[in-house]
Amino acid sequence: MEARKVAIIGSGCAGLTAALYTARAGLQPLVIEGDESGGQLSLTTLVENFPGFVEGIQGPELIDNIRRQAERFGAEFRNGRVKRLWLERQPYRLELEEGELEASAVIIAAGARARWLGLESEQALIGHGVSSCATCDGFFFRGRDIIVVGGGDSAMEEAMFLTRFAQSVTLVHRRDQFRASLIMLQRAKENPKIRWITNAEIVEIRDVARQEVTSVVLQDTRSGKRREMPIAAVFLGIGHVPNTGFFGADLETDSDGYLVTRDYVFTRAPGVFACGDVQDRRYRQAITAAGSGCMAAIEAERYLQEHAGI
Ligand code: NAP
């Protein structure tokens, strides 16, 4: 069976940074790219808060740069995802969509995906007025009217953040009870720029043909009545789903499925480290993902030095 010193699961900002560091340490890492090669950054447009880029950089370009930087030092990449990570014995075994491989150290950087509504029109307009990242895309809607969907803390946080740019933010929630913490809800309620539509769901986002958001169709969840509302952007704040379905009870996850780490990147399996959004429910930024990718790589290198016989 193919044997590697380091396998990295995921090719977003965290995984690629881990690849860069482990490659530069001469470990020839293999990156299993996952379903969404490049991770969430590859879905965004202009990234203005990654240090070092005065005028900002396009998300896909940033991710491509880190990838090529890692490749320059010998990182290798494989398409597809890990179906199962087996941790019963060393070396660990990764079952891929095609074939298997063994690795002495594993870095899990599988990321988290934004939860979407699941509408066809929503998927067609991602990056054209539909977004799941207020800090990434809010700036583009300066002076416009925008919608935030959701009733939890993420939605409150996004709505409050977006009032810095938007003329108005309308929070659309499917119930009239909120999951958000009282303090976040209160702060949002006190913000004069935030309007509220409860008991409503978006059933369509227009205008796919023009490749820009011009309006949404809202449906009242009680009466079923529909109406169209003009709007410039729709931000989803309905939660994230960490990609943790491919391992068993050897690794600990919290109640929302996030991989539990201690000392930043250590999982409870020796030689298995985790970085980026798969283990970070708090910051979820490209730069913090890159930072934890670096930490995971350094710890993997140390682990392999201390366990040279594996
Ligand atoms: P969440 O608490 O699970 O809330 C998700 C919200 O989205 C809920 O209001 C839910 O509606 C709604 N929703 C889910 N699927 C939907 C759909 N298909 N259509 C319409 N609405 C949908 O998620 P979260 O807000 O991301 O928070 C996750 C965790 O992170 C929480 O523990 C939260 O406290 C924490 N967090 C904390 C902060 C902070 O303290 N600064 C910031 C962000 C997140 P229902 O209520 O009807 O189910």
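For the stretch 93-133, a residue qualifies if it is within 16 Å of the ligand (Cβ to nearest atom) and open to solvent by 60 Å² or more (accessible area, probe 1.4 Å), and the qualifying residues are Arg113, Arg115, Trp116, Leu117, Gly118, Glu120, Gln123. For the structure I just gave you, tell me whether Arg262 is basic (Lys, Arg) and surrounded by 15 or more Cβ atoms within 10 Å (Cβ to Cβ). It is false that Arg262 is basic (Lys, Arg) and surrounded by 15 or more Cβ atoms within 10 Å (Cβ to Cβ).
When only residues in the stretch 177-200 that are farther than 15 Å from Leu218 by Cα and in a loop (DSSP other than H, G, I, E, B) count, which is farthest from the ligand (Cβ to nearest atom)? Filtering the stretch 177-200 for residues that are farther than 15 Å from Leu218 by Cα and in a loop (DSSP other than H, G, I, E, B), the one farthest from the ligand (Cβ to nearest atom) comes out as Pro192.
Among the candidates Val82, Val148, the residue that is touching a residue at least 24 places away in the same chain (Cβ under 8 Å), closer than 29 Å to Glu301 by Cβ and either open to solvent by less than 50 Å² (accessible area, probe 1.4 Å) or outside the structural domain of Gly271 (by TED's automatic domain parsing) (or both) is uniquely Val82.
Looking only at the stretch 134-150, count every residue that is within 8 Å of the ligand (Cβ to nearest atom) and either out of contact with any strand residue (DSSP E or B) (no Cβ under 6 Å at 6 or more places or on another chain) or part of a helix (DSSP H, G or I) (or both) and tell me the total. So the count comes out to 1. Checking Thr288, Thr267, Thr253, Thr261 one by one, the residue that is under 11 Å from Ile107 (Cα atoms) and among the polar types (S, T, N, Q) is Thr267 and no other. Taking the numbered list (1) in contact with a Pro (Cβ under 8 Å, 6 or more places away or on another chain); (2) among the β-branched types (Val, Ile, Thr); (3) surrounded by fewer than 18 Cβ atoms within 10 Å (Cβ to Cβ) in turn, Thr45 passes all entries but (1).
Of everything in the stretch 277-298, what is more than 16 Å from the ligand (Cβ to nearest atom), of a type outside the set (Gly, Ala, Ser) and open to solvent by less than 40 Å² (accessible area, probe 1.4 Å)? Give them in sequence order.
Hit for the stretch 277-298 is Cys294, nothing else.
Where strands (runs of 3 or more DSSP E) fall entirely within the stretch 227-282, those with at least 1 residues that are closer than 30 Å to Asp145 by Cα are at 233-236, 240-242.
Just the residues that are buried (at least 21 other Cβ atoms within 10 Å of the Cβ) and either more than 7 Å from the ligand (Cβ to nearest atom) or outside any helix (DSSP H, G or I) (or both), please, taken from the stretch 151-165. Steps first, answer last, please.
The initial filter retains those residues of the stretch 151-165 that are buried (at least 21 other Cβ atoms within 10 Å of the Cβ), namely 151, 154-156, 158-159, 162.
Correct list: Gly151, Met156, Glu158, Ala159, Leu162.
Considered as a group, the residues in the stretch 166-176 that are open to solvent by less than 10 Å² (accessible area, probe 1.4 Å) and more than 19 Å from Ala114 (Cβ to Cβ) include one that is nearest to the ligand (Cβ to nearest atom), and that residue is Thr170. Would you mind finding the one in Glu190, Glu252, Glu228, Glu204 that is open to solvent by 20 Å² or more (accessible area, probe 1.4 Å), in contact with a helix residue (DSSP H, G or I) (Cβ under 6 Å, 6 or more places away or on another chain) and of a type outside the set (Phe, Trp, Tyr)? Just one listed residue meets the conditions, Glu204. Restricted to strands (runs of 3 or more DSSP E) entirely inside the stretch 1-109, those with at least 1 residues that are farther than 28 Å from Ala134 by Cα and over 22 Å from the mean Cα position of the chain (by Cα) are 2-9, 76-78, 82-86, 92-96, 100-108. The number of residues in the stretch 27-42 that are in contact with a strand residue (DSSP E or B) (Cβ under 9 Å, 6 or more places away or on another chain) and either open to solvent by 20 Å² or more (accessible area, probe 1.4 Å) or among the hydrophobic types (A, V, I, L, M, F, W, C) (or both) comes to 11.
The values are calculated or read from the model by the stated rules, or taken from the named source; none is laboratory data. Treat the numbers as computed from the prediction; the structure is a model and nothing was measured. Cβ atoms come from the backbone with ideal geometry, glycine included; neighbour counts cover every protein chain shown. These accessible areas exclude ligands, DNA and RNA; they are computed on the full protein's heavy atoms, side chains included. Shrake-Rupley method; radii C 1.70, N 1.55, O 1.52, S 1.80 Å.
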